[in-house]
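Working notes for the structure below.
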Amino acid sequence: MSPALAGVLQLTALTAALALAYRPLGDYMAAVYHSPKHLRIEKAIYRCIGANADAEMRWPAYLRGVLAFSAAGVLFLYLLQRVQGGLPLPLGFASISPDQAFNTAASFVTNTNWQSYSGEQAMGHVVQTAGLAVQNFVSAATGMAVAVALVRGFARSRTGDLGNFWADLVRGTIRVLVPIAVLGALVLVACGAVQNFSGIHEVGQFMGGAQQTNGGAVASQEVIKELGTNGGGYFNANSAHPFENPSAFTNLFEIFLILVIPFALTRTFGKLVGNVKQGYAILATMGVIWLGFTALMMWTESAHGGPALQAAGAAMEGKETRFGVGASSIFSVATTLTSTGAVDAFHSSFTAFGGGIQLLGMMLGELAPGGVGSGLYGMLVMAIIAVFIAGLMVGRTPEYLGKKIGTREIKLAACYLLITPTLVLGFAAASMVLPDALGSMLNTKALGAGSHGFSEVLYAYTSGANNNGSAFAGLNANTPWYNTTIGLAMLLGRFLPMVFVLALAGSLAEQQPVPQTAGTLRTEKPLFAGLLVGTILIITGLTYFPALALGPLAEGLS
């Protein structure tokens, strides 16, 4: 079987699995967030934290809940790393330095999971399980809660109420993420992933010599790493490590976990607004972009542009022979079109245009299907921009889901769009003029290092500000400059957009629905889905094309 055919068959199987899970999971999540009842364990949690889960919140109160909970998470995780040396099961590792502890705490709380450390050489079992793994659950649940709040803004009228953050957070964790994670961990363990609290062992190597390795609660963290679109690996090699990802089947299963909730949330959206066709339009937009990027990546990495590629059968440098070009391409696109950041191949070793596709996927805002929660609310903001553009073309006040898109709404949507490019391009530009930052490029003497080195820096800040977490690993990011600035990019790139999303949700929830007329743009039709795809690509292209031209495009054409 040719590598191309193998890739197509895997993509077909993945699409079929996602289609089978789409309706039941989407309907289940809609029922979870719409239910008036609380489980017994949820009531116990509410009592412990002193929350009234039945109290409705307007957007400022909802936002305060998000920020307070996240700030507490950053502080707790920072302190846990700083005292690691005195905790049980530290595996002999010292406490984490202040700048790296800040970077890691910001990373996991913002659902980014950027790692400037090697997991098996830095983090003990307690930090991994009680710190990092816990944030994998609650940071994902926070993103889902904000997405549901925005959906309620469309569904409700003349109230301004968006639900209760604490109820949404707990339900998303207890009813959605934990059950799927338990089942997924059992699958990974059955297929060979590691799940223990083993210490460090010295093991022999096939070609002679020995190396040290340790185990850990890998399978349980791996499944929520993918399911919650987190991305932080237990080991430095991430999902290329056989302890995390033992076989071609587990590789495809992990890609499924990355995509299943973001895609299914479009069904949840349609159910909560009372029109499932609206969810199908958003799904179609996400699906077209995802399949297009995947096909383009597979073609780029399979093109035989030179003797080395012809001898290997494709661009195999940096890729696992267990997976090959097809599966590595599918994984790469899935992880950069969502806020996951997990990798099963070395992204810096992809072809220049392949690296450009990865960058562009994040620069789109990771909308197709995007992160857990963040993908849906990002796509809905883009839908508001699209109906505004359509309204300008026909001279009609734009409407979306029965709500008028006025001056306030479009300003909030525009602010949402401008945050990430400002962070990415601003920090990347500063890094290119500071000698210490330039010194972190490890391949400055390599052929094409100028454009590729710039791509490494651009990728780092694109990944951080978009809360992705993957990296072009030729950049040494474990320096005070990069730890601090990428940490700030992650925090600002996560929470500033949430401010505008929740303000937008509150504004929409206060409106009275507008009746549909013959002149209303039908946003459930293929025409609108096509307009939305074009809007996303054009806005991203106009914003980032100069930077891409200096990086992957220049390298690919040189």
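The values are calculated or read from the model by the stated rules, or taken from the named source; none is laboratory data. None of these values were measured; they are calculated from a predicted model. When we count neighbours, we look across all protein chains shown, and the Cβ atoms used for this are built from the backbone with ideal geometry, even at glycine. Please note that ligands, DNA and RNA were not included when accessible areas were found on the heavy atoms of the full protein model with its side chains. Shrake-Rupley method; radii C 1.70, N 1.55, O 1.52, S 1.80 Å.
Worth a mention:
- The set of residues in the stretch 88-118 being farther than 23 Å from Thr338 by Cα, small (Gly, Ala, Ser) and either modelled with pLDDT of 90 or more or touching an Asp or Glu at 6+ places or on another chain (Cβ under 6 Å) (or both) consists of Ala101 alone.
- Residues of the stretch 184-208 that turn out to be β-branched (Val, Ile, Thr) and modelled with pLDDT under 90, as a count: 3
- Candidate set from the stretch 261-277 (those that are open to solvent by 10 Å² or more (accessible area, probe 1.4 Å) and in contact (Cβ under 8 Å) with a residue 60 or more places away in the chain); member that is farthest from Met29 (Cα to Cα): Lys277
- Exclusive hit being farther than 25 Å from Gln135 by Cα, touching a His at 6+ places or on another chain (Cβ under 8 Å) and modelled with pLDDT of 90 or more, set Leu359, Leu296, Leu272: Leu272
- Scan of the stretch 137-162 for residues that are in a helix (DSSP H, G or I), open to solvent by less than 10 Å² (accessible area, probe 1.4 Å) and of a type in the set (Gly, Ala, Ser), ordered by number: Ser139, Ala140, Ala141, Gly143, Ala145, Ala147, Ala149, Gly153
- Matching entry among Gly519, Gly556, Gly541, Gly530 (being in a helix (DSSP H, G or I), in contact (Cβ under 8 Å) with a residue 60 or more places away in the chain and surrounded by fewer than 24 Cβ atoms within 10 Å (Cβ to Cβ)): Gly556
- Residue check, Ser239 open to solvent by less than 10 Å² (accessible area, probe 1.4 Å) and within 18 Å of Leu360 (Cα to Cα): no
- Among the conditions (1) over 27 Å from Gln511 (Cβ atoms); (2) under 17 Å from the mean Cα position of the chain (by Cα); (3) at pLDDT 90 or above, the only one that His347 does not satisfy is (3).
- In the stretch 456-505, residue least open to solvent (accessible area, probe 1.4 Å) [restricted to those that are of a type in the set (Ser, Thr, Tyr) and not in a helix (DSSP H, G or I)]: Ser470
- Looking only at residues in the stretch 145-157 that are in contact with a Lys or Arg (Cβ under 9 Å, 6 or more places away or on another chain) and either free of Cβ contacts under 8 Å to residues at least 24 places away in the same chain or hydrophobic (A, V, I, L, M, F, W, C) (or both), the one that is nearest to Ser374 (Cα to Cα) is Ala145.
- Subset of the stretch 50-78 [among the hydrophobic types (A, V, I, L, M, F, W, C) and open to solvent by 90 Å² or more (accessible area, probe 1.4 Å)]: Leu75, Phe76
- Inter-residue pairs, beta-carbon under 9 Å, first free of Cβ contacts under 8 Å to residues at least 24 places away in the same chain and in the stretch 382-400, second open to solvent by less than 20 Å² (accessible area, probe 1.4 Å) and outside any loop (DSSP other than H, G, I, E, B), 6+ apart: Thr397/Gly391
- Test for Lys319: is it of a type in the set (Lys, Arg), touching an Asp or Glu at 6+ places or on another chain (Cβ under 9 Å) and within 27 Å of Lys277 (Cβ to Cβ): no
- Tabulated pairs, the stretch 500-515, first closer than 14 Å to Leu162 by Cβ and touching a residue at least 60 places away in the same chain (Cβ under 8 Å), second part of a helix (DSSP H, G or I) and small (Gly, Ala, Ser), C-beta under 7 angstrom, 6+ apart or interchain: Leu502/Ala149; Leu504/Gly153; Leu504/Ala413; Ala505/Ala149; Ala505/Gly153; Gly506/Gly153; Leu508/Gly153; Ala509/Gly153
- Contact map, the stretch 282-300: first residue within 15 Å of Gly326 (Cβ to Cβ), second residue among the β-branched types (Val, Ile, Thr) and surrounded by fewer than 22 Cβ atoms within 10 Å (Cβ to Cβ), Cβ cut-off under 7 Å, separation 6 or more or different chains; pairs are Thr300/Thr351.
- Single match in Val134, Val109 (criterion: out of contact with any Lys or Arg (no Cβ under 7 Å at 6 or more places or on another chain), closer than 30 Å to Val501 by Cα and open to solvent by less than 40 Å² (accessible area, probe 1.4 Å)): Val109
- Checking each residue in the stretch 95-120 for being assigned to a loop (DSSP other than H, G, I, E, B) and touching a residue at least 40 places away in the same chain (Cβ under 8 Å) picks out Thr110, Asn111, Thr112, Asn113, Trp114, Gln115, Ser116, Tyr117, Ser118.
- Within the stretch 507-545, tally of residues that are under 30 Å from Pro60 (Cα atoms), touching a Lys or Arg at 6+ places or on another chain (Cβ under 6 Å) and not polar (S, T, N, Q): 3
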